[in-house]
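What follows is calculated from the coordinates using simple rules that are stated; it is not laboratory data. Since the structure is predicted, the reported quantities are computational estimates derived from the model, not experimental observations. When we count neighbours, we look across all protein chains shown, and the Cβ atoms used for this are built from the backbone with ideal geometry, even at glycine.
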Amino acid sequence: MKKIILSISIATMILSIACNQTRKNEKMKSTEASEDTHDHSEHDHNTTKTDDHIIEASTIKNPATSEIIDSYLQIKNALVTDNKDDAAKGATALLAAFSNFDMTQLTDSQHKEYMEILETAKEHAEHIIKSPIEHQREHFEALSIDINDLISLVGTDRTLYQDFCPMANGGKGAIWLSEIKDIENPFFGKKMLKCGNMQKQIN
Amino acid sequence: MNKVFKRIGLLLFISVVGIQFIPTTLNESDNVLSTDFIKTYSPPKNIKNLLINSCYDCHSNNTKYPWYNKIQPVSWFIESHIESAKTELNFSEFGNYSTRKKKSKLKSILSQIKNDKMPLPSYILMHKESIFSKSNKLDIEKWLTELEQSTISYE
């Protein structure tokens, strides 16, 4: 009996080490592939220049972020239609999604940045839950940076578009993520629905 | 009827006096942390004064209390404000924030000032000197924007 338990535990240890290894390799490959996008998201979030060509960025195909992305998009779509209450619901769902996220799958090097993203993203979600729509939008600008960085960090299996509106964020510009190719601006809603352009396709 | 009023009055009086004896914790500390915002970014004197006079009472580990903080329930009111203000933003510990959080807080600070949301209205009522003039506002916004764009960049 003891022998069986011992060999099972050794086998799982070897397996888990092996899995970790492949994940690291995957991550390395994908950072090479998305050098361009990675640069922008790490250093300067708002100024990915658009030279009229769309950058296609591939990320790690990771379904683990799907629930987070879905609730983010729920907030986005609520703001597009100027719906404060639905935005708040999306933010509540986002908090739940973050607590459901399995952090044990993160590598040590991912863990630190993940925790920083988690801290600010949660704050933004909490403000979106309790604030009037203008304030929701301010926090949504910052939340979009967090979610974008989360995707560069751990990946997604969704196809997403990174859009940019130069008039948002007090004229300094801000990005958001969308599941559709058309521009539908969450920072201004009806007032300026078409403001913005697509900068990048993810997957 | 009269008796009832008297009783209620007496009860109120006793409780108002009574709560004066409940100890309060003061938000005061003698040393300025190395993570302090002003210590870290050494703003010019005028900006420094604006921040200290208008924000530090609530958003730091050091409150300059008004005399009426000695009276309950005023001090509870002030204490709860300071507590929630510090969870949002603590200038004394700003240096400990992650780069991401620093950026996010600077963005919030700028928009709160721009939209006249801070300092809080209830504070302005008692601290007329904390209101930013138009030129004060422009000065501090300019300085904060530069800080946002230059000093605090992602490493």
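Just a few scattered comments:
- Between A:N197 and B:T25, the simple label model (points 7 Å from Cα in the Cβ direction) yields a spacing of 5.4 nm.
- When +1 charges are put on Lys and Arg Cβ atoms and -1 charges on Asp and Glu Cβ atoms, the dipole computed for the range B:5-155 relative to its Cα centre reaches about 360 debye.
- In order along the range B:61-72, the phi-based Karplus estimate (6.51 cos²θ - 1.76 cosθ + 1.60, θ = phi - 60°) of 3J(HN,Hα) comes to 7, 9, 9, 8, 7, x, 4, 6, 5, 6, 9, 7 Hz; Gly and Pro are listed as x.
- Between B:L138 and B:T35, residue separation times 0.36 nm minus the direct Cα-Cα distance comes to 34.5 nm.
- Taking the average, over residues, of other Cβ atoms within 10 Å as the packing measure, peptides B:64-74, B:45-55, A:141-151 rank A:141-151, B:45-55, B:64-74 from highest down.
- Per-residue ³J(HN,Hα) for the range A:60-76, Karplus 6.51 cos²θ - 1.76 cosθ + 1.60, θ = phi - 60°, Hz, x for Gly and Pro: 5, 7, 10, x, 4, 8, 4, 5, 4, 5, 4, 6, 4, 5, 4, 5, 4
- In a fully extended conformation the segment linking B:E88 and B:V4 would gain 25.7 nm over its present Cα-Cα distance, using 0.36 nm per residue.
- Legend: mean number of C-beta atoms from other chains within 10 angstrom of residue C-beta atoms, peptide B:106-113, equals 4.
- About the Cα centre, charge dipole magnitude for the range A:66-121 (Lys/Arg +1, Asp/Glu -1 at Cβ), debye: 140
- Helix axis angle, B:134-149 relative to chain B longest principal axis, alpha carbon, degrees: 60
- Converting phi to 3J(HN,Hα) with the Karplus coefficients 6.51, -1.76 and 1.60 and the offset θ = phi - 60°, the range A:182-188 yields 5, 7, 9, 7, x, 7, 10 Hz in sequence order, with x at every glycine or proline.
- For the residue pairs A:K191/B:K137; B:K86/B:K117; B:K64/B:K128; B:K102/B:K128; B:K45/B:K102, the C-alpha atoms sit more than 18 angstrom apart in A:K191/B:K137; B:K102/B:K128; B:K45/B:K102.
- Environment charge at A:K191 (Cβ cut-off 13 Å; Lys +1, Arg +1, Asp -1, Glu -1): 0
- Taking the centroid of alpha carbons for each part, the range B:74-141 and the range A:55-112 are 29 Å apart.
- Under 18 Å from A:K200, Cα to Cα: lysines that are on another chain or at least 8 residues apart: A:K49, A:K61, A:K76, A:K181
- Neighbours of A:N100, meaning other residues whose beta-carbon lies under 15 angstrom from its beta-carbon, give a summed charge of -2 when Lys and Arg score +1 and Asp and Glu score -1.
- Among A:Q105, A:S71, A:I145 - extreme Cα towards positive end, dipole of the range A:67-156, charges at beta-carbon: A:S71
- The range A:174-198 residues near the modelled A:D82 label - backbone nitrogen below 17 Å, point 7 Å along Cα→Cβ: A:184-195
- Positive minus negative residues near B:Y65 (Lys, Arg vs Asp, Glu; Cβ under 9 Å): 0
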